[in-house]
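To keep things clear, I will list the structure first and then write my remarks on it.
The values are calculated or read from the model by the stated rules, or taken from the named source; none is laboratory data. Small disclaimer: the values here were computed from a predicted structure and weren't measured. When we count neighbours, we look across all protein chains shown, and the Cβ atoms used for this are built from the backbone with ideal geometry, even at glycine. Protein only, heavy atoms only, side chains kept; ligands, DNA and RNA dropped before computing areas. Shrake-Rupley method; radii C 1.70, N 1.55, O 1.52, S 1.80 Å.
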Amino acid sequence: MWILALAAMTLSAPDDGLNFERTRIGDTTYEACSVFDVNRDGKLDIASGEYWFEGPDFSKRHKICDVSQHGDYFDDFGDYPMDINKDGYLDIVSGAWFSQKLTWRENPKGGTGEWTVHDIAEVGNIEKPCFWDVDGDGDIEIVPNTPNGPVRIVKVKTGKTPSFDVVTISDPDLKSGHGLGFGDINGDGRGDVIIRGGWFEQPEDPWSGKWTYHADPAMYSASSVPILVYDVNGDKKNDLIVGSGHDYGLAWWEQGEVKDGKISWTMHEIEPKRSQFHEIWLADLDKDDVPELITGKRWRAHSGNDPGANDPLGLYYYKIKDGKFIRHTLDYGPADKASGSGIYLWTEDVNKDGWVDIVAPGKEGMYLFTNLGPNK
């Protein structure tokens, strides 16, 4: 057990923005996190890498398991809560670049002992594991972004003896590249899988049918994970919001008309002069029933070797209105004073006051941004 006195700082906001209080959680530098009630005491906790931090003040941490370190990186590219063995306690699903495995960490029923780690599948280098209800049955599937391999979906069968069916939806020889998203592109009511160079159309039966590949559009060479599918301009057609994970750029691709059987796409820049938008997220921060785009810079994404690597860090949210993205800066500055967004941030009403908060992990540290509501 480890205890830390946490220091908080209230961040100013523009007149039409929100106020947030920033608190550093521990001294961990993992790049993924999640928020859930680990020990079922009614209070939300924060899990990140090797530790979970006990709510509501997060000053006490408990060891989950060992996570190997490789230079700048910890082999922990996701910490998603799922009750894999159906014992009533949420476990953690993670993916790893270096060991190339999807694993799940078994919650010791809320105890403070270390968690048993179980293999799910070895699928190759995992940029980030994503979690979507692909077939619409109410259960979450695991969809890892494996840039050096094909596109796979893992169907999870939870229970005392869980099982995992790995389904390859692309050509087995395809290198899917850096970037992955999920959403209904063609308006048929079924979610499609998007990679940086195109999208796979979901068939009626996603587990036995053929996923048709459409080569549209060519996005950033290292696109964000996720690529977001969202109707930006309100024209009833879903568009794509994409960051450049290892270069400058954040943009949205507007879906146009179908010409000769092919969708036309128009790129609109949001942030051409800021870099490392590896993680992007949608959540309703201001309670107007319209989500905001939340993102920031991933620090030392390639150990300081990317374009813009030495620029200041930042964490931002953007109001989306009429195809425009209006930036509000939550944090900005050098890595010893400010937060970026890592590879897997989390939004949740952590203190249960009705306002959605942000937990932002990264190599610069993990920060809780508590939403205090509108500036008054």
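One table, with the values for the structure above:
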read-out	value
Single residue of the stretch 213-239 satisfying the filter (in a strand (DSSP E or B) and touching a Gly at 6+ places or on another chain (Cβ under 7 Å)) that is farthest from residue 188 (Cα to Cα)	222
Entirely in the stretch 48-155, the strands (runs of 3 or more DSSP E) that have 1 or more residues that are touching a His at 6+ places or on another chain (Cβ under 8 Å)	51-54, 101-106, 141-145
Residues (in contact with a strand residue (DSSP E or B) (Cβ under 6 Å, 6 or more places away or on another chain) and farther than 17 Å from residue 144 by Cβ) located in the stretch 178-191	183, 185
Search result, residues across the stretch 105-139 that are open to solvent by less than 60 Å² (accessible area, probe 1.4 Å) and closer than 13 Å to residue 154 by Cα	120, 121, 123, 129, 130, 131, 132, 133, 134, 135
Those strands (runs of 3 or more DSSP E) lying entirely in the stretch 261-327 with at least 3 residues touching a Ser or Thr at 6+ places or on another chain (Cβ under 9 Å)	280-283, 292-296, 313-321
Hits in the stretch 168-202 - residues which are in a strand (DSSP E or B) and open to solvent by 30 Å² or more (accessible area, probe 1.4 Å)	168, 182, 201
Residue within the stretch 79-96 that is more than 20 Å from residue 47 (Cβ to Cβ), free of Cβ contacts under 8 Å to residues at least 40 places away in the same chain and either of a type in the set (A, V, I, L, M) or open to solvent by less than 60 Å² (accessible area, probe 1.4 Å) (or both) present	no
Close pairs (7 angstrom Cβ cut-off, 6 or more residues apart or separate chains): under 14 Å from residue 183 (Cβ atoms) in the stretch 210-238, assigned to a loop (DSSP other than H, G, I, E, B) and among the polar types (S, T, N, Q) anywhere	229/238; 230/238; 231/238
Which listed residue, of 205, 165, is open to solvent by 10 Å² or more (accessible area, probe 1.4 Å) and in a loop (DSSP other than H, G, I, E, B)	205
Scope the stretch 37-83; condition within 21 Å of residue 295 (Cα to Cα) and in contact with a Pro (Cβ under 6 Å, 6 or more places away or on another chain); matching residues	48, 78
Verdict on residue 14 being open to solvent by 30 Å² or more (accessible area, probe 1.4 Å), modelled with pLDDT of 95 or more and out of contact with any Cys (no Cβ under 9 Å at 6 or more places or on another chain)	no
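Residues checked against (1) of a type outside the set (D, E, K, R); (2) at pLDDT 95 or above; (3) more than 24 Å from residue 180 (Cα to Cα); (4) open to solvent by less than 60 Å² (accessible area, probe 1.4 Å):
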residue	(1), (2), (3), (4)
298	no, yes, no, yes
318	yes, yes, no, yes
335	yes, yes, yes, yes
347	yes, yes, no, yes
356	yes, yes, yes, yes
362	yes, yes, no, yes
367	yes, yes, yes, yes
